[in-house]
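Colleague: I'd like to ask you about the structure that follows.
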Amino acid sequence: MNEKLIAFERLLTIMDELREKCPWDKKQTIESIRHLTIEETYELSDAILEKDSSNMKASMDKIKKELGDLLLHIVFYSRIASETKEFTIADVCNSLCEKLVHRHPHIYGDVKVNDEHDVKRNWEKLKLLEGDSKIQNPKSALDGVPISLPAMIKAHRIQEKARGVGFDWEKPEQVLDKVHEELGELKVEVEQNGKVEEEFGDLLFSLINYARFIGVNPEDALEKTNRKFIKRFQYLEKESAKDGKQLSSMTLSEMDEYWNKAKKL
């Protein structure tokens, strides 16, 4: 048997044994492990973001471990569902395979594509055609965007899905003009003490849209800036403490001296 199948079979056997013999595993439900799945997903994200090119083996080992933790949850959900005959891990795998084949007609059919953009557009169009009620109750192009997604990621996915059905700007310059327009509207609302929150949201949405057009993932970009700020701020704290100073008693110009040194590191 292929070593991949052997490994997967071993995992399924262990899951069966844990479900039958372990007091904790026996008590779990689909609902009870949901928050743990979210936590594991973020831990995988952290491992990817913290990847260190100077120690690639350790980084990839950590990613491998986190992927295993996430795979455990998929197997766990499937085992729980199989006990009430809702579905099995085989059903999960077959459902995924059928979806992948259906949404890649350029591989498994006779559809022609020119680039990855054509692939994404076809993907979104095919999603709209799926489902038993597609004629009586057509789906929205925005269906499938999880309600609980963080707002920035959600905005990015909404924009991608709209693009998939042709609703999008043509050039990055048009989107940048929209950013400037939204910034102007925000300034007006701030001056008039008006709809500041609404206009600020519009500005963020347009900035995220511009990021998409120039090939930048806004979530990744902001996270890198967060980490950069943390590193520089902690340098400021550490070095000022060495000099016997407290941040609360320092002027902004004094802090800036340390901050500028941190930027050169």
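Throughout, read-outs are computed from the coordinates displayed, never taken from laboratory work. Just so it is clear, the structure is predicted and the values come from calculations on it, not from any experiment. FYI the Cβ positions are ideal-geometry reconstructions off the backbone, even for glycines, and counts take in every protein chain you see.
Colleague: If R₀ is 22 angstrom, what is the calculated FRET efficiency for the pair residue 238 and residue 216, using the beta carbon separation as r and rounding to 0.05?
Modeller: Efficiency at R0 = 22 Å is approximately 0.10.
Colleague: Say R0 is 51 Å: what FRET efficiency, to the nearest 0.05, do residue 60 and residue 196 get from their beta-carbon distance?
Modeller: The calculated FRET efficiency here is 0.65.
Colleague: With +1 on each Lys and Arg Cβ and -1 on each Asp and Glu Cβ, and nothing else charged, work out how big the dipole of the chain is about its Cα centre, in Debye to the nearest 20.
Modeller: Magnitude of the dipole: close to 700 debye.
Colleague: Still on this structure: Just going by the charge dipole of segment 3-95, with Lys and Arg at +1 and Asp and Glu at -1 on Cβ, which of 88, 38, 58 is farthest out on the positive end?
Modeller: With unit charges placed on the Cβ atoms, the residue in question is 88.
Colleague: Still on this structure, I have one more. About its Cα centre, what dipole magnitude does segment 3-95 give when the only charges are +1 on Lys and Arg Cβ and -1 on Asp and Glu Cβ, stated in debye to the nearest 20?
Modeller: The calculation lands at about 160 debye.
Colleague: Between residue 231 and residue 130, with labels modelled 7 Å along Cα→Cβ, what's the label distance in nm to one decimal, could you check?
Modeller: Using points 7 Å along Cα→Cβ, the separation is 3.9 nm.
Colleague: Could you work out [θ]222 nm for the chain from helices alone, using -39500 (n - 2.57) per DSSP H run of at least four and dividing by all its residues? Round to the nearest 500 deg cm²/dmol.
Modeller: Helices in the chain give a 222 nm mean residue ellipticity of -23500 deg cm²/dmol.
Colleague: Just flag the trypsin sites (Lys or Arg not before Pro) in segment 219-265 sitting in loop per DSSP whose Cβ has no more than 16 other Cβ atoms within 10 Å.
Modeller: Here the sparse-neighbourhood loop sites are 245, 264.
Colleague: Loop-only check: which trypsin sites (Lys or Arg not before Pro) in segment 168-200 are DSSP coil with at most 16 other Cβ within 10 angstrom?
Modeller: Those satisfying the criteria are 195.
Colleague: Next up: Could you give the radius of gyration (one decimal) and Dmax (whole number) of the Cα atoms in segment 3-95, in Å?
Modeller: Here Rg and the maximum Cα pair distance are 15.0, 48 Å.
Colleague: Taking all pairs of distinct Cα atoms, average 1/r, flip it, and tell me the Kirkwood hydrodynamic radius of the chain in Å to one decimal place.
Modeller: 23.6 Å
Colleague: A follow-up question, please. Got a sec? Which residues in segment 23-46 would a label at residue 81 touch, if it sits 7 Å along Cα→Cβ and we count backbone N under 13 Å?
Modeller: What the label zone holds, given the 13 Å backbone N cut-off, is 30-31.
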